[in-house]
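Quick note: the coordinates plus some simple rules give every number you see, no bench work behind them. Values in this document were obtained by computation on a predicted structure and should not be read as measured data. FYI the Cβ positions are ideal-geometry reconstructions off the backbone, even for glycines, and counts take in every protein chain you see.
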Amino acid sequence: MRELDRNVVEQLKEAAGPSGWTEDPGEIAPHLTEWRARWHGKTSLLLKPDGTEQVARIAAICNEARTPIVPQGGNTGLVGGQIPASGEVLLSLERMNRIRRVSPDENLMVAEAGVILATAQTAASNTGRLLPLSLAAEGSCTIGGNVSTNAGGVHVLRYGMMRNLVLGLEVVLANGNVLSLMKGLRKDNTGYDLKQLFIGAEGTLGVVTAAALKLVPQPSSYVTAIASIANLAAALPILNELQSATGGQVSAFEVIQRRALDLVLRDIPGTTAPLAGEFEWALLIEVSNSAALDATEATELVLSRAIERRSIGDAVFAKTLRERESFWRLRETIPEAQRKQGVSISNDVSVPLARLAEFVELAEVKVRKVLPEALCITFGHAGDGNLHFAILAPGHESKLTDLRPELENAVQESVWRLDGSVSAEHGIGIAKLESLRRQKSVQEIATMVALKRALDPNNILNPGKLLPPGLT
């Protein structure tokens, strides 16, 4: 583990304030392991500043001493980007949890980096507005982490990634300077849009301390349905027809492979099968109604026509809030059901919309060539081309673990063959460092390295993450 200079440690403690640091291993421990327990970190110092000025002083001290720091939000990342792998100082933003302003007239919220996403959603809802970012970890992930990883979730189809929801940022640079980009303007065509540099940068270019976020009117109601389809290729025409019929009000269009649904129904208490009969795939569809337009009839008509031409086998609509919640529970508990099977390998990928079915078929073939006993399950955001492709091997977990590199490579080769991305919404972190060399061109990586060197010349901000070793 990296040995921290005691003089620097004392300076950092003073900068963080009396309640802003700990060296207690028991208090630090929960911050060192990501929730899947794949990545384990180490540090002797956890800093917990409660204001931007403290973060700025901490960064300046670390930059002067060339002491690396790892920013951390809710510790919900899945690629190890938030873990201090080599004993770096750990900088938690959890105490910076104030919502500075909510303006329903401007459809704007200003929230500090440590605000829990669910808390921000509630604050927006209390003013009749919607913060449309929604993901499984919303009860523990933070706004700063969402910005730094460019979080996605189930509503990307309608509202876009976190990048599309950020109107402004407050960022502490590596040298301790505070970059305030918080005007919240929808239009500002005066040169480079600097805030975009820090969205998805995983804390390697600066520490996000606050964000101005775009809100939207709260839907008056939802149309939620589950439908069975014979094959994944049938999904895209249905989505396009729904978008045309509802005026683009489809907010979620999720796909669930029958194998994934079976795991949930078997291992998650309180779940029930909404559809009868045999089918290979299910669609979870949600349309957001505005106060002026109820899209229920249009949605029903589209699905009825799809049933007539046999693109859909059956469809069930949620008639109550409880039924809507039960439908979404089937989708949202797939990762929990997956974990209950033991060791698994998760892949977060995206491919062109028209090639979803081709990817699943190709990836399953390649995976089973490596491990014939593999069980592949797929689910995800079919509306934006983002699939979660998991590999299990019940009874053969040791083989699965031993063959992880070959299995991940099989999936990634399938992605690249179809001009996709090996990371749709989870980022690069530690897990996909080497994959980036294949994903990005030489020119793209060179530009990323140039930005890193310009903004963090001493390489103190989350070193060893996002960019492959040896480049920075």
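Placing +1 on each Lys and Arg Cβ and -1 on each Asp and Glu Cβ, with no other charges, gives segment 6-92 a dipole about its Cα centre of roughly 300 debye. The magnitude of the dipole of segment 38-190, with charges of +1 and -1 set on the Cβ of Lys/Arg and Asp/Glu and taken from the Cα centre, is near 200 debye. With a simple spin-label model that places each label point 7 Å from the Cα along the Cα-to-Cβ direction, the separation between Y192 and N231 comes to 4.8 nm. Projecting label points 7 angstrom from Cα along Cα→Cβ for R258 and S290 puts them 4.0 nm apart. Rounded to the nearest 20, the size of the Cβ-charge dipole of the chain about its Cα centre is 420 debye, with Lys and Arg at +1 and Asp and Glu at -1. Using 1/(1 + (r/R0)^6) with R0 = 30 angstrom and r between the beta carbons of E14 and V449, what's the FRET efficiency to the nearest 0.05? Between E14 and V449 the formula returns 0.30.
Within segment 6-92, DSSP assigns beta bridges of which about 35% are antiparallel (rounded to the nearest 5). Nearest-5 percent of antiparallel DSSP beta bridges in the chain? For the chain, the DSSP antiparallel bridge percentage is about 90. Overall shape: oblate for segment 196-239, with the ratio a/c of the largest to smallest alpha carbon gyration tensor axis at 1.5 or above and b/c at least equal to a/b. A crude spin-label estimate for the pair N177 and V365, with each label 7 Å from Cα along the Cβ direction, gives 5.4 nm. Think of the chain as a dipole: +1 on every Lys or Arg Cβ, -1 on every Asp or Glu Cβ, centred on the Cα centre; then among G114, G160, G191, G191 lies furthest on the positive end. When the chain is described by a simple charge dipole with +1 on each Lys and Arg Cβ and -1 on each Asp and Glu Cβ, the residue from A363, L330, A201 located farthest towards its positive end is A201.
Compared with the direct C-alpha span, the chain from L275 to E300 gains 7.4 nm at full extension, assuming 0.36 nm per residue. Which part of segment 385-413 falls in the paramagnetic zone of R266, meaning amide N under 11 Å from the point 7 Å along Cα-to-beta-carbon? Of the residues in segment 385-413, 394-395 have backbone N under 11 Å from the label point off R266. When all alpha carbon pairs of the chain are counted in 10 Å bins from zero, the resulting P(r) reads 4, 19, 29, 26, 16, 5, 1, 0 %.
Could you point to the residue in S148, L131, G380 farthest towards the positive end of the chain's charge dipole, with +1 and -1 charges on the Cβ of Lys/Arg and Asp/Glu respectively? Farthest towards the positive end: S148.
Extension gain for E64 to N240 (0.36 nm times residue separation, less C-alpha to C-alpha distance): 57.9 nm.
When the helices of the chain are scored as -39500 (n - 2.57) per DSSP H run of n ≥ 4 and the total is divided over every residue, the value at 222 nm lands at -10000 deg cm²/dmol.
Of the peptides 163-169, 146-152, 23-29, the ranking by mean beta-carbon count within 10 Å, highest at the top, reads 146-152, 163-169, 23-29.
Work out, in µm²/s and without decimals, the Stokes-Einstein translational diffusion coefficient of segment 245-381 at 10 °C, 1.306 mPa s, Rh from Kirkwood over C-alpha pairs.
Numbers: Rh = 16.8 Å.
The estimated diffusion coefficient comes to 95 µm²/s.
Using R0 = 35 Å, the C-beta based FRET efficiency linking E358 and T122 works out to 0.30.
Once you reduce segment 170-234 and segment 362-408 to the center of their Cα atoms, the two points are 31 Å from each other.
Relative contact order for the chain: 15 percent, from Cα pairs under 8 Å spaced at least 6 residues apart, divided by residue count.
Suppose R0 equals 41 Å; then what is the FRET efficiency for E106 and D5 from their Cβ-Cβ distance, rounded to the nearest 0.05? Taking R0 as 41 Å, the efficiency between E106 and D5 is 0.35.
Short version: what are the Cα gyration tensor semi-axes of segment 120-265, square root of 5 times each eigenvalue, largest first, in whole Å? All intermediate terms of the calculation are to be shown ahead of the outcome.
On the way: eigenvalues 222, 65, 47 Å².
Three semi-axes, in Å: 33, 18, 15.
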